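First the structure, in the form of structure tokens, and then the observations on it.
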Amino acid sequence: MVQSTYRFILLFIFLLPLQLKAQQNSILKGKITDIRQNPISGANIQIESFSHYATSDTNGNYTIKVPSDQTFILKISHISYQNIVANFKLRSGEIKVYNPILKIKQEQLQEVIVESNQSIKDKNITINTEQLEQLPVSGNGAVEQIIKTLPGVSSNNELSSQYSVRGGNFDENLVYINEIEIYRPNLVRSGQQEGLSIINPDLVSSIQFSSGGFDAKYGDKLSSVLDVKYKNPDKFEASAEASLLGSSFHFANSSKNNKLSYMAGFRYKTNEYLLNSLDTKGEYKPNYTDVQAMINYRFSSSFSMHLWGSFSENNYNFKPETRNTSFGTINNALQLKIYFDGKEKDKYETNIQAFTLKFHPNSKALYRLIASRYETTEKETFDIMGQYYLSDLFVSQGGSSSESIENLGVGTFIDHARNKLSKKVTTIDIKGDHNIDNLFLQWGIGGKHEEVDDQINEWQYQDSAGYAIPVSNSKVALAYSRNANNKINSNHITSFAQGTYVLQNDNGEFQFTGGLRHHFWDYNDESFFSPRASVNYIPNWEKKVKFRFSTGYYQQTPSFREMLTINGQISNHLNLQKSIHYVLGQEYYFEAWNRPFKFSSELYYKNLKSLTPYDIENVRIRYYGDKKSKGYATGLDLRINGEFVPGTESWASLSIMKTGEDIIGDELGYLPRPTDERVNFSMFFQDYLPNNPSYKMHLSLFYGGKLPVWTPKKGKNDKSFRMPNYRRIDLGFSKILLDENSKSKNGLLKHFKSMWISLEVFNVLDINNTISYLWINDVSGNQYAIPNYLTSRKLNVKLAAKF
């Protein structure tokens, strides 16, 4: 009896603290809804200064333990709604019901919609700029990284910001910043030579993209349009970022009366860390610098001025030393070793100045005068000698992956270039927007003056016999040579007019858009018209569905590169490329797990009535300016996006496409175009820890089909083969160190709005992706295609903050 009483007393002593602790806790519960009383799932509930977290369920309900008899701060957050912060003090054991109502975040409307009072719905894909902040980017542009995950877009090079759309090449894509057309570099051969993308993601306010069938208000290119708008700040903001790949900084502010606002951004990047993972080892010294500034001044409520300036410099210095590449199969394992001598020194400078006047006399009219000047100077200089040894490893017969058993070829090659290109483009445009009841009219007229001075001097010498064979007393045989001095001085005059009419009846809403473009080029006195039209139909169904059909004539005047023949001379027979688009699409909006989703699909056919054939090597396009072809591109694009994880947007895109061309006069019939990538799949996915949303994950996945390749000497007269599939996964993990509602900001931390640190893993699976081929001859004249691989797995650490 005494022993039992003793055990009871001991048990009571041990359980007493737990009982007291339990009595100190209280319960806060309730249901989270929006202003329409719809439940909100995935909302994060946090007790500030305590490690108490909860998440609302699919019905919006939540329950969380809270401290008793002391004041605490409750924070409720959701990516799509405004945060709620409230103070509570509950008695011991009290159960309190709190049903908060969250308001939708008031995002900044696009400037073009606000200023023109446009009420029609978007026809293009709109990208949320919040996705740019913590995205793992190994290439040269966060915006382009997002674009590459959209349907119809493909890119098999993580080092490049270039992309192809629905069978087109890099030169067929329109890019605008604040209605200023942006041009891609001319002399860049590979992704590692590219500098920073001209688009500074810190300055972006809105992004729209169309992969075909776009309106007449956009320019004369065959494939796509990327329309970027920069911010017009109304308060102070700043951000800074530093990583192993570079750093960036931006700030923006506005005067007290909001008449004056300004914004500037600085970026520095070096790919040395990534390039050291390539097969070619050596001394990589690339550095890219970009500075942009924008000033806005509003004279009155109806009249404003906008200035934008941009300067970028790209220095690519490379001194190769060795290369060791293993390729082939286990039954035919080959190895290439190259010892280099020489160096490469490239420099690219680009300047942009833009001036815009806006006149907004009333809510139904907007006029814009836009003037800009684009200037670039590109220099490419290299002298590189390589001595190569091609070996058969006989792995299947017992040889090791590093053991050379039989030499198949020994030789030497020399690459030489002294290329310089200067380009100046001056444009001036006048545009107007008008709202007349259900009719929205847009028009514009402009002129462009273009000057190009291109000096080409490059050649390659190859010797696969161990000695040089002279052709004459003073010459040796060259694999190829290009020597030219080209100058272009021309003018373009363009105009467009388009109207959109909205009709609503008992069946739903119809949006009819029709437009016409005109283009005159004085270089060959050629003039053409391009009609374009689209119909959007939103039926009055219980399920929200949208149907769209668009068609149009798209004609592309040849850029300077398109005017050149394969030997670098300007062609005497310039070709105006022409394409007719037919696009049929639908968008289906639905809910799953009480969260919003959208499924979209587009079926398209492009009748390529007139084309200029070309070859692609890495990112370099070499046109056959003296030839002409016709072709087609057809396919299906699918995309699903929504909140796969509550409060975060993710998406997946699948594209199936086939494109071919028939070069007139070669009697070979239809051949696959260099961009004939039959299947392309991409995905962007975000996630976070449910009990601690400050830990986030961002994943980008890319799968590209096999692209066709031809041997360089025989070209398209010979059979083609296809390079391996492109497969890549980039993964980013981030931890939010501070946010706007953190209460523990002391000292220097009180000056920060938010701060986070990221760990990025590029090429998670460490796959050797092929971008192009190095062609080597043995002593018997046999050609071998040695793959040029892209970057391997690399880690990057990034620290970012907002002020």
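Nothing in this text is a laboratory measurement; each read-out follows from the coordinates by a stated rule. Keep in mind that this is a model prediction, so the values were computed, not measured. Cβ atoms come from the backbone with ideal geometry, glycine included; neighbour counts cover every protein chain shown.
Fully extending the segment from residue 104 to residue 636, taken as 0.36 nm per residue of separation minus the present Cα-Cα distance, adds 188.1 nm. Between residue 70 and residue 551, the modelled label-to-label distance comes to 7.3 nm, taking each label 7 Å out from Cα in the direction of the beta carbon. Highest mean packing first, where packing is the average number of other Cβ atoms within 10 Å per residue, the peptides 282-288, 756-762, 716-722 line up as 756-762, 282-288, 716-722.
Which residues in the range 786-803 place their backbone N less than 17 Å from a point set 7 Å from the Cα of residue 765 along the Cα-to-Cβ direction? From the range 786-803, the list is 790-794. Please go through the residue pairs 281/347; 103/544; 235/345; 231/487; 231/431; 285/802 and name each one whose alpha carbons sit more than 32 Å apart in this structure. Among 281/347; 103/544; 235/345; 231/487; 231/431; 285/802, the Cα-Cα distance tops 32 Å for 235/345; 231/487. Highest mean packing first, where packing is the average number of other Cβ atoms within 10 Å per residue, the peptides 166-174, 443-451 line up as 166-174, 443-451. Panel values: the range 427-578, Kirkwood radius from alpha carbon pairs, Stokes-Einstein at 37 °C and 0.692 mPa s, translational diffusion coefficient 161 µm²/s. For the range 193-312, a Kirkwood radius taken over Cα pairs fed into Stokes-Einstein (37 °C, viscosity 0.692 mPa s) yields D = 192 µm²/s. The spread of Cα positions in the range 22-102, taken along each principal axis and listed from longest to shortest, comes to 36, 20, 17 Å. What angle do you read, to the nearest 10 degrees and between 0 and 90, between the alpha-carbon axis of helix 2-24 and the longest principal axis of the chain? Result, in degrees: 60. Partners of residue 96 within straight-line reach, counting lysines whose Cα lies under 23 Å from its Cα and excluding those fewer than 8 residues away in the same chain: 21, 29, 31, 65, 75.
Label positions at residue 720 and residue 529, each projected 7 Å from the Cα along the C-beta direction, are separated by 3.6 nm. Each of residue 679 and residue 439 was given a label point 7 Å from its Cα along the Cα-to-Cβ line. The distance between the two points is 5.0 nm.
Distance distribution P(r), the range 643-745, all Cα-Cα pairs, bin width 5 angstrom from 0: 2, 10, 14, 14, 11, 9, 8, 7, 6, 6, 5, 3, 2, 1, 0 percent. Think of it as helices only: each DSSP H run of n ≥ 4 in the chain is worth -39500 (n - 2.57), and spread over all residues that comes to -1500 deg cm²/dmol at 222 nm.
The local environment of residue 674, defined by Cβ-Cβ distances under 13 Å, has a net charge of -1 under the rule Lys, Arg +1 and Asp, Glu -1. Among the trypsin sites (Lys or Arg not before Pro) in the range 353-387, those located in a DSSP loop and surrounded by at most 15 other Cβ atoms within 10 Å of their own Cβ are 364. Taking each of 148/229; 269/424; 696/798; 448/628 in turn, the alpha-carbon distance tops 22 angstrom for 269/424; 448/628. Stretching residue 670 away from residue 53 to a fully extended chain increases their span by 215.9 nm, per 0.36 nm per residue minus the current alpha-carbon distance. The 3J(HN,Hα) values that the Karplus relation (6.51, -1.76, 1.60; θ = phi - 60°) gives for the range 232-245 are, in residue order, 10, x, 10, 7, 6, 8, 7, 8, 9, 8, 9, 8, 5, 9 Hz. Gly and Pro appear as x.
Computed over the chain, the percent of Cα pairs more than 44 Å apart is 34.
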